[in-house]
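Colleague: I am attaching a structure below and will ask some questions about it afterwards.
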Amino acid sequence: MVNHLFAAFETDSSQYQRAEEYWETLVGEVLRERSHAQDWAPWLNTRFADGRLMEPGNPIYHLRSKALRKGIRIIQVTPTTNELSLSTWLSSVESDVSNDSNFVELVIHCELSVESAEEARRLLADWA
């Protein structure tokens, strides 16, 4: 059994904001320990012009380092199980402009829990 965090994030805007802040803190801590955190910046537009989220939780958090040619995308989904739910993959992101803008992103897809966050921390530390 896992300890879910911000389980109602898709329907409760305050939980959504707290989940975003949670990921920002977690990823920020890892990047400060492993690489130059200042090289990383958000790169996706996740909101419509009126401010509504395009797809809540996908991504809940994202960064890219042009210098390292790496990205991070966290996809958080509503819990459906009491078991650890986390999967990861690498995805190539290609720019239409030039090959210099191409990079590889680590995608973490999870139901946020204390346990999945710790696994995500380990994965991010290996990637950064």
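The values are calculated or read from the model by the stated rules, or taken from the named source; none is laboratory data. Remember, predicted model here, so these are calculated numbers, not experimental data. Reconstructed Cβ throughout: ideal geometry from the backbone, glycine too, with neighbour counts over all protein chains shown.
Colleague: Among the numbered criteria (1) exposed (fewer than 10 other Cβ atoms within 10 Å of the Cβ); (2) under 12 Å from the mean Cα position of the chain (by Cα); (3) polar (S, T, N, Q), which single criterion is violated by SER92?
Modeller: (2)
Colleague: In the stretch 99-117, how many residues are of a type outside the set (Val, Ile, Thr) and more than 16 Å from GLU20 (Cα to Cα)?
Modeller: 8
Colleague: Next up: Which of the residues that make up the stretch 37-61 are in a strand (DSSP E or B) and either of a type in the set (A, V, I, L, M, F, W, C) or without any contact (Cβ under 8 Å) to a residue 24 or more places away in the chain (or both)?
Modeller: TRP40, ALA41, ARG47, LEU53 - these are the residues of the stretch 37-61 that are in a strand (DSSP E or B) and either of a type in the set (A, V, I, L, M, F, W, C) or without any contact (Cβ under 8 Å) to a residue 24 or more places away in the chain (or both).
Colleague: Does the stretch 61-82 contain any residue that is touching a helix residue (DSSP H, G or I) at 6+ places or on another chain (Cβ under 6 Å), closer than 26 Å to MET1 by Cα and of a type in the set (A, V, I, L, M, F, W, C)?
Modeller: Taking every residue of the stretch 61-82 in turn, at least one turns out to be touching a helix residue (DSSP H, G or I) at 6+ places or on another chain (Cβ under 6 Å), closer than 26 Å to MET1 by Cα and of a type in the set (A, V, I, L, M, F, W, C).
Colleague: Which one of these is more than 11 Å from the chain's Cα centre (by Cα), over 17 Å from ILE108 (Cβ atoms), of a type outside the set (Val, Ile, Thr) and modelled with pLDDT of 95 or more: ARG52, ARG18, ARG47? It would help to see each step written out before you state the result.
Modeller: Values: ARG52 fails: modelled with pLDDT of 95 or more; ARG47 fails: modelled with pLDDT of 95 or more.
Among ARG52, ARG18, ARG47, only ARG18 is more than 11 Å from the chain's Cα centre (by Cα), over 17 Å from ILE108 (Cβ atoms), of a type outside the set (Val, Ile, Thr) and modelled with pLDDT of 95 or more.
Colleague: Just the residues that are in contact (Cβ under 8 Å) with a residue 24 or more places away in the chain and either touching a helix residue (DSSP H, G or I) at 6+ places or on another chain (Cβ under 7 Å) or not aliphatic (A, V, I, L, M) (or both), please, taken from the stretch 9-28.
Modeller: Within the stretch 9-28, PHE9, GLU10, TYR16, GLU20, TYR22, TRP23, GLU24, LEU26, VAL27 meet the criteria.
Colleague: Any idea which of ARG73, ARG64 is modelled with pLDDT under 95, surrounded by 12 or more Cβ atoms within 10 Å (Cβ to Cβ) and either assigned to a loop (DSSP other than H, G, I, E, B) or under 14 Å from the mean Cα position of the chain (by Cα) (or both)?
Modeller: ARG64
Colleague: Right, next: One residue is enough: does the stretch 85-105 have a residue meeting the conditions hydrophobic (A, V, I, L, M, F, W, C) and in contact (Cβ under 8 Å) with a residue 60 or more places away in the chain?
Modeller: No - not one qualifying residue is present in the stretch 85-105.
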